[in-house]
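*Asks:* Handing you a structure now.
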Amino acid sequence: MEFQEAIRNYAEQPITKQILLDLLKDYKRPYDKITELVKQGLLVLVRRGFYIPGPNLNITKPESFLLANHLSGPSYVSLETALSYWGLIPEKVFETSSVTTQKTAVYKTPAGRFSYTHIPSPYYSFGIQQVELTKKQTVLMATPEKALCDKIITTSGLLLRSSKQVKELLMDDLRIERGVLRNLDHKEISKWITDAPKKNSLEILIKTLEEL
């Protein structure tokens, strides 16, 4: 089976080195063939050992959210990226932001810019859900509530001490509409408080959401 035909079985999926070596097992020098495929525009090297279909290969590429899940793990899409996806903030984002239990890192790749911000366990494991982008692409993403809490927790120097301060952050700085905030599940957030960083800030957030 020709490579271009075989690779179609991996449409919408990240392509690892192991997958390529399996597809090219009949070649005596598969690594040289991979290099050639990249030069031909049939593959794009995103990061070492990690590829996506190239511009000259007419198959659907994986979404940036799925790439983010696979580029560094464990991780899930969160912060401004998730807030934008869920319609909480009006701005479009041009970087795919995730949180991770690993070290904070940024990867600038041909497929885009991906950032990973460290948060500790066990707080990390709360408020994650699977989101189906397409039939072949399901990603791990923060719920709206978790994305907002992650934003507060990971913003350096941000300590919320009053409802007035919370409202200024949510409505003025982030430009989240009051109606959207009323729909957030503050009871769900309260389940995470015990294990969360910046407990006091999240307690003020919950109190403010209850009052809206």
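Read-outs: derived from the displayed coordinates by stated rules, not from any lab. All values reported here derive from a predicted model rather than from experimental measurement. Counting neighbours? That spans all protein chains shown, and the Cβs are built from the backbone with ideal geometry, glycine included.
*Asks:* A 19 angstrom limit on the alpha carbon distance is what I want to check against. Which of Lys17/Lys103; Lys146/Lys191; Lys151/Lys191 exceed it?
*Replies:* Check vs 19 Å cut-off fails for Lys17/Lys103.
*Asks:* Counting only other residues whose beta carbon sits under 15 Å from that of Arg48, what net charge do I get with K and R as +1, D and E as -1? It would help to have the intermediate numbers written out before the result.
*Replies:* Details: positive: Lys17, Arg47, Lys108; negative: none.
Local net charge: +3.
*Asks:* How many angstrom lie between the Cα centre of the stretch 82-161 and the Cα centre of the stretch 28-77?
*Replies:* So the separation of the two Cα centres works out to 22 Å.
*Asks:* Among Met171, Met141, what is the fewest-to-most ranking by other Cβ atoms within 10 Å?
*Replies:* Least crowded to most crowded, the residues run Met171, Met141.
*Asks:* Same structure, new question: Could you give me the ³J(HN,Hα) list for the stretch 144-159, computed from phi with Karplus coefficients 6.51, -1.76, 1.60 and θ = phi - 60°, whole Hz, x at Gly and Pro?
*Replies:* Running phi through 6.51 cos²θ - 1.76 cosθ + 1.60 with θ = phi - 60° gives x, 5, 5, 4, 5, 5, 4, 4, 5, 5, 8, 7, 4, x, 8, 10 Hz.
*Asks:* If you compute Cα extents along the principal axes in Å for the structure shown, which of [x] 66, 29, 25; [y] 47, 44, 32; [z] 55, 42, 29 do you land on?
*Replies:* [x]
*Asks:* Could you pull out the pairs from Lys108/Lys164; Lys92/Lys198; Lys33/Lys61; Lys135/Lys207 whose alpha carbons sit more than 29 Å apart here?
*Replies:* Too far apart for the 29 Å limit: Lys108/Lys164; Lys135/Lys207.
*Asks:* Follow-up. Using a/c under 1.5 as the rounded threshold, could you call the stretch 1-95 rounded, prolate or oblate? The axes a ≥ b ≥ c are square roots of the C-alpha gyration tensor eigenvalues, and prolate needs a/b larger than b/c, oblate otherwise. Don't jump to the answer; show the numbers that get you there.
*Replies:* On the way: a/c = 2.84, a/b = 2.33, b/c = 1.22.
Verdict is prolate for the stretch 1-95.
*Asks:* What are the GluC sites (Glu not before Pro) within the stretch 91-144 that DSSP puts in a loop, where the Cβ has at most 11 other Cβ atoms within 10 Å?
*Replies:* Listed in order of number, the matching sites are Glu91.
*Asks:* In addition: For the stretch 104-115, take each phi angle, set θ = phi - 60°, evaluate the Karplus expression 6.51 cos²θ - 1.76 cosθ + 1.60, and give the result in whole Hz per residue in order, putting x for glycine and proline.
*Replies:* So the J values, rounded to whole Hz, are 4, 7, 10, 10, 9, 10, x, 9, x, 9, 10, 10.
*Asks:* Tell me, Tyr51, Tyr85 in order of fewest to most beta-carbon neighbours within 10 Å?
*Replies:* So the residues, fewest neighbours to most, are Tyr85, Tyr51.
*Asks:* Where does each of Lys135, Lys191 land when they are ranked from fewest to most other beta-carbon atoms within 10 angstrom?
*Replies:* Lys135, Lys191
*Asks:* A follow-up question, please. Pop out the ³J(HN,Hα) list for the stretch 116-127 in order, Karplus 6.51 cos²θ - 1.76 cosθ + 1.60 with θ = phi - 60°, rounded to Hz; leave Gly and Pro as x.
*Replies:* 10, 10, 6, 9, x, 8, x, 3, 3, 7, 7, x
*Asks:* Distance in nm between label sites at Asp172 and Asn200, each 7 Å beyond Cα in the beta-carbon direction?
*Replies:* My value for the distance between the label points is 2.1 nm.
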